[in-house]
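For reference, the structure discussed in these notes is given below.
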Amino acid sequence: MKLSKICALLLALCMLLGLVACGDTQTETPKQDSTPATTEDNAPTEQQPDTPAQPDTPAVEDSAFYGPIYDDWSKMSDEELYALALEEVKDGSPINVYATSSKMLKVKDPFEEAFPGLTVDIMDLDNDEVLQKCRLEANADNVQGDVLQVKDVNGDVFFGDYEDGIITAFYPEDICAHIDEDLLRYGYPLYASQSFWYYNTEAFPDGQPIDSWWQIVERNEDGSQKYRIFTKEIGSETAYLSIFASFIVNADQLAADYEKVYGEELEYTYDASGFPNVPANNAGVEYLWRFSQMKITFIGDGDELVEAVHNSTADDPALALASAGKITNRDDSGYNIAWVVLSPYNGLQNLEYMYVVNNCKHPAGARLFIRFVTGGADGESGGFKPFAKEGNWPVRDDMKDKKNEMTLEELNAAEPDLASIYNVFLDAQDLWIYWLDQNPNIR
């Protein structure tokens, strides 16, 4: 087992023991959330579904949870879910939403106005915190959350929490008809985004200075770097490391891009002899090795990353990897920044997913909230409004995107292949940590 997994498991165990010590609730394996069975009064009842037989070492390519999966819940209208939700809250309890974006807080008032009698409590945490909270509650048989908003960029959520029965994907059939089915494979998406390299528009008034990922690691004839590089620490930033992991999966594309840029075949210089699962002559591994040996300044805050680019000059140029949404600093703070669009592909479509927490108290209310925040039946509910910004792309084809001039496809974003990334992610992380430790420029 990889060191990172061991550490994560030990942390989760310590937190769980602390939780159990505070009460008498015994730990129990969480039950799988059910597909509703329609009774005479149209109220869904929670049933334990048949668990598909799994081999001892199942391949992630064969998941029984790939979507879209439609059930009786999927066919229900807002009116039907609303009627059921009112029954669920007769005790005065709120629908609890665990979110990873503070923008979700702005959905509370319009939802409660649209559905009188329902109250929503929204907890704003980071990605790891909301997942840990759901896991601890499930293991303690003390589920408090109803809705989970979470990003999954490397398959950990899908192949872990979803397949383990902690959360379930709700696919409203009428809305899903307006979403590319490929984007429904790993869950029900709220919106898509991606990470970009940023450059200084004042330093490069004629446009982006690079066109390929390989040019980021390019060096001058004297061995010095062409660009100062700013980023979050790749090994602990899952979204960024997932891009590098995807390069290992799509090595042929990366090798072809090198030959296109430089007119010669890629030379392989990495030594991964201590890693038996790492392939030889893989362009993605080669890129990870070269990038790990650059002089890099790690900054944990995205706004500070793009500020570093803004403060750079033509004589000392800089590039920074940050989320697409940081482009708003161009207008809000006057930064001289713009996105770089690269080959062979710029990055991955990072999807924010909406899940129902299994065994939650408000299964109908949770699904009603998910429908509302993703636009409702006609895309006009108003629930998506707080998430409409430059750098966030709606996934519905019937929703007008007034914030982004170009689509993610036009910006050369690749659709996520979480199964393939999941297979290589931990090896990529181990390689990064090992090679970064050999970098004399980073101490």
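Please treat every number below as a calculation from the coordinates, not as lab data. Quick caveat, the model's predicted, so the values are computed rather than measured. Note that each Cβ is placed from the backbone with ideal geometry, even for glycine, and that neighbours are counted across all protein chains shown.
Overview of results
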quantity: Kyte-Doolittle at least -1.0, axis length at least 20 Å by Cα - qualifying DSSP helices, the chain; calculated: 3-21, 418-436
quantity: Computed over the stretch 140-250, Kirkwood Rh from alpha-carbon pairs, angstrom; calculated: 18.0 Å
quantity: Per principal axis, descending, Cα span of the stretch 288-370 in whole Å; calculated: 59, 36, 24
quantity: Coarse-grained scattering of the stretch 201-246 at q = 0.20, 0.24, 0.30, 0.34 Å⁻¹, given as base-10 log I(q)/I(0) from a Debye sum over alpha-carbon atoms; calculated: -0.89, -1.03, -1.08, -1.14
quantity: Length-normalised contact order for the stretch 342-443 - Cα pairs under 8 Å, 6+ apart - percent; calculated: 31 percent
quantity: Kirkwood Rh in Å, taken over all unlike Cα pairs in the stretch 385-443; calculated: 15.1 Å
quantity: Distant alpha-carbon pairs in the stretch 115-178 (separation over 18 angstrom), percent; calculated: 46 percent
quantity: Per-residue Cβ neighbour rank within 10 angstrom, fewest leading, 361, 106; calculated: 106, 361
quantity: Under 5 Å, built H, 5+ apart or other chain: amide partners of residue 101; calculated: 125
quantity: Listed residue pairs exceeding 28 Å between alpha carbons, taken from 108/400; 133/402; 226/403; 75/402; calculated: 133/402; 226/403; 75/402
quantity: Span from the the stretch 174-199 Cα centroid across to the the stretch 120-170 one, whole angstrom; calculated: 19 Å
quantity: Sum of -39500 (n - 2.57) over DSSP H runs of 4+, divided by residues of the chain (222 nm, nearest 500); calculated: -9000 deg cm²/dmol
quantity: The stretch 67-102 and the stretch 258-282: distance between their alpha carbon centers, rounded to Å; calculated: 50 Å
quantity: Debye equation applied to the C-alpha atoms of the stretch 325-384, log10 I(q)/I(0) at 0.12, 0.18 Å⁻¹; calculated: -0.58, -0.83
quantity: Hydrodynamic radius of the stretch 325-443 per Kirkwood, over alpha carbon pairs, in Å; calculated: 18.0 Å
quantity: Debye log10 I(q)/I(0) at q = 0.07, 0.08, 0.10, 0.11 Å⁻¹ for the chain, Cα point scatterers; calculated: -0.38, -0.50, -0.77, -0.92
quantity: Nearby aspartates and glutamates by direct alpha-carbon distance to residue 295 (threshold 19 angstrom, same-chain neighbours under 8 apart not counted); calculated: 218, 221, 222, 233, 237, 286, 304, 307, 315, 316, 437
quantity: Cα gyration tensor category, rounded, prolate or oblate, for the stretch 222-302 with a/c compared to 1.5; calculated: oblate
quantity: Sites residue 410 and residue 90 - FRET efficiency at Förster radius 35 Å, r taken between beta-carbons, to 0.05; calculated: 0.10
quantity: Dipole of the chain, positive end: most advanced residue of 191, 179, 81 [Cβ charges, Cα centre]; calculated: 191
quantity: Fraction of beta bridges assigned by DSSP in the chain that are antiparallel (%, nearest 5); calculated: 60 percent
quantity: Ranked by how many other beta carbons lie within 10 Å on average, peptides 415-426, 327-338, 225-236 from highest; calculated: 415-426, 225-236, 327-338
quantity: Rounded to whole Hz, the Karplus (6.51, -1.76, 1.60) HN-Hα couplings of the stretch 381-396, x for glycine and proline; calculated: 5, x, x, 7, 3, x, 9, 7, 7, 5, x, 10, 10, x, 9, 7
